[in-house]
Amino acid sequence: MPQLGELMAGSRHDLHVGLSPDAPDASEFRDDNKGAFGYVHSYETSSRYDGPGLRIVLFTSGCLLRCSYCHNPDTWHLKDGTYVSAEQVINRLAAFVPALRSLSGGLTISGGEPMVQLAFTRRILAAAKEMHLHTAIETSGFLGDSADDRYLSQLDLVLLDIKSGDPDTYRKATGRDLAPTLRFAERLAEMGKPVWVRFTLVPGLTDDPATSMRSRASSRR
Ligand code: SF4
């Protein structure tokens, strides 16, 4: 097991590199510890953009997309995050509960991609619900198929980043297929799950009106 580190408060913009050099690649990650441990970039307090009210935003490490405009590439690899226990995260979160509750906020797990570490984030979300906190994840939805309904039932809100509605543009921007994200969006809609859809307009990349207006049917392939 890698050595445990300290959960770091800070900013999503702090550069973290090689803090868990023995960590597997995110695409090969298997959680043999049932979420008792995981890789975290940092956490910070936030408001307005990461969910309602005051938020604790936990940035997990590991992402399978490679967005050309990503401003946190040091969250792509698990090895760049700190190996911490879920208990450390939950204890830290507990200290903020009175403030989060009084300011109608809660916990948002972002990244990276929270669903790379499903068991770890599941454990933290379950603890947040036990503390009666509002919960959210910020996700590209690419790994949505791997999240079961029980996982989604722990979420009050999903911040769904759809990088483009056009498959070719999506692949150019992220290196991945759009279809899994659309499947996830449809599943959330069928469940009646509150969703904030987010889109980043990148001049010369995602701002072509011709592709953004393409039908959903043509983008499901
Ligand atoms: S999904 Fe987010 S963290 Fe992953 S590459 Fe894209 S912008 Fe970066």
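Among Ser102, Ser61, Ser85, which is the only one that is within 12 Å of the ligand (Cβ to nearest atom) and either in contact with a strand residue (DSSP E or B) (Cβ under 9 Å, 6 or more places away or on another chain) or among the basic types (Lys, Arg) (or both)?
Selected residue: Ser61, the only one of Ser102, Ser61, Ser85 that is within 12 Å of the ligand (Cβ to nearest atom) and either in contact with a strand residue (DSSP E or B) (Cβ under 9 Å, 6 or more places away or on another chain) or among the basic types (Lys, Arg) (or both).
Looking only at helices (runs of 4 or more DSSP H) that fall completely inside the range 163-221, which ones have 1 or more residues that are more than 16 Å from the ligand (Cβ to nearest atom) and modelled with pLDDT under 95? Even if it seems obvious, please write down each step before you answer.
Numbers: elements: 167-174, 179-191, 209-212, 216-219.
So the answer is 209-212, 216-219.
If we scan the range 30-46, do we find a residue that is within 16 Å of the ligand (Cβ to nearest atom) and in a loop (DSSP other than H, G, I, E, B)?
no
So which residues in the range 25-48 are surrounded by 15 or more Cβ atoms within 10 Å (Cβ to Cβ) and more than 22 Å from Ala95 (Cβ to Cβ), if there are any at all?
Answer for the range 25-48, where residues must be surrounded by 15 or more Cβ atoms within 10 Å (Cβ to Cβ) and more than 22 Å from Ala95 (Cβ to Cβ): Ala26, Phe29, Asp31.
Inspect the range 119-140 for any residue being out of contact with any helix residue (DSSP H, G or I) (no Cβ under 8 Å at 6 or more places or on another chain) and among the polar types (S, T, N, Q) and give the result as yes or no.
Among the residues of the range 119-140, not one is out of contact with any helix residue (DSSP H, G or I) (no Cβ under 8 Å at 6 or more places or on another chain) and among the polar types (S, T, N, Q), which makes the answer no.
Lys79: in a loop (DSSP other than H, G, I, E, B) and open to solvent by 10 Å² or more (accessible area, probe 1.4 Å), yes or no? Break it down into steps so the answer makes sense when it comes.
On the way: in a loop (DSSP other than H, G, I, E, B): no; open to solvent by 10 Å² or more (accessible area, probe 1.4 Å): yes.
Judged against the criteria, Lys79 is not a match.
List every residue pair whose Cβ atoms lie under 7 Å apart, where the two residues are 6 or more positions apart in sequence or sit on different chains, the first residue falls within the range 157-177 and is open to solvent by 20 Å² or more (accessible area, probe 1.4 Å), and the second residue, located anywhere, is in a strand (DSSP E or B) and more than 11 Å from the ligand (Cβ to nearest atom).
The qualifying pairs are Ile162/Val197.
Looking at Phe96 and the list (1) touching a Ser or Thr at 6+ places or on another chain (Cβ under 8 Å); (2) more than 16 Å from the ligand (Cβ to nearest atom); (3) closer than 21 Å to Lys34 by Cα, which single condition is not satisfied?
(3)
Step by step: first the residues of the range 66-76, then only those that are of a type outside the set (Val, Ile, Thr) and part of a helix (DSSP H, G or I), then the one that is farthest from Leu7 (Cα to Cα). Which residue is that?
Here the answer is Pro73.
Filtering the range 67-76 down to residues that are modelled with pLDDT of 95 or more and open to solvent by 40 Å² or more (accessible area, probe 1.4 Å), which residue is farthest from the ligand (Cβ to nearest atom)?
Ser68
Taking the range 123-148 as the region of interest, how many residues are among the hydrophobic types (A, V, I, L, M, F, W, C), within 19 Å of Leu178 (Cα to Cα) and open to solvent by 10 Å² or more (accessible area, probe 1.4 Å)?
The qualifying residues number 2.
The values are calculated or read from the model by the stated rules, or taken from the named source; none is laboratory data. This structure is a prediction, so every number in the text was calculated from the model and none was measured. Methodologically, a virtual Cβ is constructed for each residue, glycine included, from the backbone with ideal geometry; neighbour enumeration extends over all protein chains shown. To get the accessible areas, we keep the full protein, side chains included, count just its heavy atoms, and leave off ligands, DNA and RNA. Shrake-Rupley method; radii C 1.70, N 1.55, O 1.52, S 1.80 Å.
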